[in-house]
Amino acid sequence: MEPRLPLDAGLLNKALAVPHQPIYLPQCEAAGVRVWLRRDDQLPGGNKYYKLYFNLKAAHEQGKEVLVTFGGPHSNHLHAFALACQQAGFYGRALVRGYPSYADSPTLAEIKKAGLRVEFVGHSEYRRLSQAGAYTGGHHEYVIPEGGANGLGVQGAEYIGHAVEQHFSGGVRHLVMAAGTGSTLGGVARALRHSATQALGISVLKGAASASLWPVNADYGTNWRLLWGFAGKGYARALSPQMLSFWQAFERSNPIAIDPIYTLKMLWGIEQLAAMGYWRRGEQLVAVHTGGLQGRRAFAQRPADATAMQ
Ligand SMILES: *Cc1c(COP(=O)(O)O)cnc(C)c1O
């Protein structure tokens, strides 16, 4: 086994304090599966909190004064980045995909209020700049890639796995999360390399081909799966009537708000898999609520829309 770094007590304690609550999902109930929702949405920035943690530490250790990152106008990552900069006292620059006409998105208004400098970058220039390593920054700048998807981001995400392992003492068969870049999944997989709990990602992208950022890091071990086919029409696209009424039913039977781009897709996937007999009767699974509620404001559909269509 490779040598392991000692765990960071600060991040581990944060992760251990995150509550797990039982949720009701009808197909899982019928399949005899107990589902716990891990409320990482209660951390500032959801799963991005973990991905930014060691990046901020590194920036501090390297004596950098300015943090730079990339994202779209509704990005959860940018929102989390702004909170983290404000908290840690860094000056932050956000390179935003698109044009100043997006300037009044609720996300961008808030990150400006948090003191970030927002700079718009046209689509093709954005594509070029946001490629890993294309923008290296000035000597006083520390650059974090889109989504916080770098090695230190993966290292932070490991703590979700460590916390679930400690909290449930290995009594959970699957630890499930939505996957965009897959770097959260990668970290969790790494933490669970030698565990009886398997890391399972539900892709929020439409096709395997569109998962261009994955794998970020080849060192995930083998105790994980990434499943496709539960993202409907694709990333941040309109929801089908079925998914919309599932959203409504979920929020009616569980007093928990979820976002339509990530956590809804994950829970939908968990239910479809239950109906297909994927889970073992009697198993416990933990589903991660990765946050994203701030981005929900910009999403046109609402759970209430389902009623109008019935
Ligand atoms: C960014 C994000 C994810 C995806 O995380 P990856 O590490 O990119 O796979 C999942 N859920 C929410 C709410 C997010 O904001």
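Values in this text are rule-based calculations from the coordinates and carry no lab data. All values derive from a computational prediction rather than experimental measurement. Backbone-built Cβ (ideal geometry, glycine too); neighbour counts: all protein chains shown.
Net charge in the neighbourhood of residue 133 (other residues with Cβ under 15 Å of its Cβ; Lys, Arg +1, Asp, Glu -1) is 0. Taking 37 °C and 0.692 mPa s as conditions, the stretch 125-205 diffuses translationally at an estimated 235 µm²/s according to Stokes-Einstein applied to its Kirkwood radius (Cα pairs).
Report the local net charge at residue 300: Lys and Arg +1, Asp and Glu -1, summed over other residues whose C-beta lies under 15 Å from its C-beta. The partial results should precede the final answer.
Working: positive: 233, 237, 296, 297, 302; negative: 259, 305.
Local net charge: +3.
Relative contact order, percent, of the stretch 88-153 when contacts are C-alpha pairs under 8 Å separated by at least 6 residues? Each step should come with its number before you reach the end.
Values: 47 pairs, mean separation 20.1, N = 66.
Once divided by the residue count of the stretch 88-153, the mean separation gives 31 percent.
Relative contact order of the stretch 159-212: 42 percent, from C-alpha pairs under 8 Å at least 6 residues apart in sequence. The relative contact order of the chain comes to 23 percent, based on Cα pairs under 8 Å that sit 6 or more residues apart.
Going by C-beta contacts inside 10 Å, put 75, 195 in order with the fewest on the left.
Working: 75 24, 195 18.
By the 10 Å Cβ count, ascending: 195, 75.
Segment residue 140..residue 112, full-extension length gain: 8.0 nm, with 0.36 nm per residue of separation and the alpha-carbon distance subtracted. Rg/Rh for the stretch 33-94 stands at 1.07; both radii use Cα atoms, and Rh follows the Kirkwood definition.
Using the number of other C-beta atoms within 10 angstrom as an exposure proxy, rank 113, 64, 48, 57 with the fewest first.
Values: 113 10, 64 20, 48 29, 57 16.
Ranking 113, 64, 48, 57 by Cβ neighbours within 10 Å, fewest first, gives 113, 57, 64, 48.
Pairwise Cα distances in the stretch 211-300 exceed 20 Å for 44 percent of all pairs.
Across the stretch 274-282, coupling constants 3J(HN,Hα) worked out from phi with the 6.51/-1.76/1.60 Karplus curve, θ = phi - 60°, read 5, 5, 8, x, 6, 8, 8, 4, x Hz, and Gly and Pro carry x.
As a rough footprinting exposure proxy, the listed residues 61, 141, 146, 158 were ranked by other beta carbons within 10 Å of their own, and the order from fewest upward is 61, 141, 146, 158. Relative to the Cα centre, the charge distribution of the chain, modelled as +1 at Lys and Arg Cβ and -1 at Asp and Glu Cβ, gives a dipole magnitude of about 340 debye. So who's got an amide H within less than 5 Å of the one on residue 225, skipping anything under 5 residues away but keeping other chains? H placed 1.01 Å off N, in plane. Here the answer is 199, 200, 201, since their amide H atoms fall under 5 Å of that of residue 225. Computed over the chain, the per-residue total of -39500 (n - 2.57) for DSSP H runs of n ≥ 4 gives a 222 nm mean residue ellipticity of -11000 deg cm²/dmol, rounded to 500.
Given a Förster distance of 51 Å, report the FRET efficiency between residue 222 and residue 299 from their Cβ-Cβ distance, rounded to the nearest 0.05. Each step should come with its number before you reach the end.
Values: r = 36 Å, r/R0 = 0.70.
After rounding, the FRET efficiency stands at 0.90.
Only beta bridges with both residues in the stretch 1-108 are counted; by DSSP, about 35 percent of them are antiparallel. Radius of gyration over Kirkwood radius for the chain, both on Cα atoms: the Rg/Rh ratio is 0.96. Its residue count N sets the reference 2.2 N^0.38 Å, and the alpha-carbon radius of gyration of the stretch 1-111 equals 1.37 times that reference.
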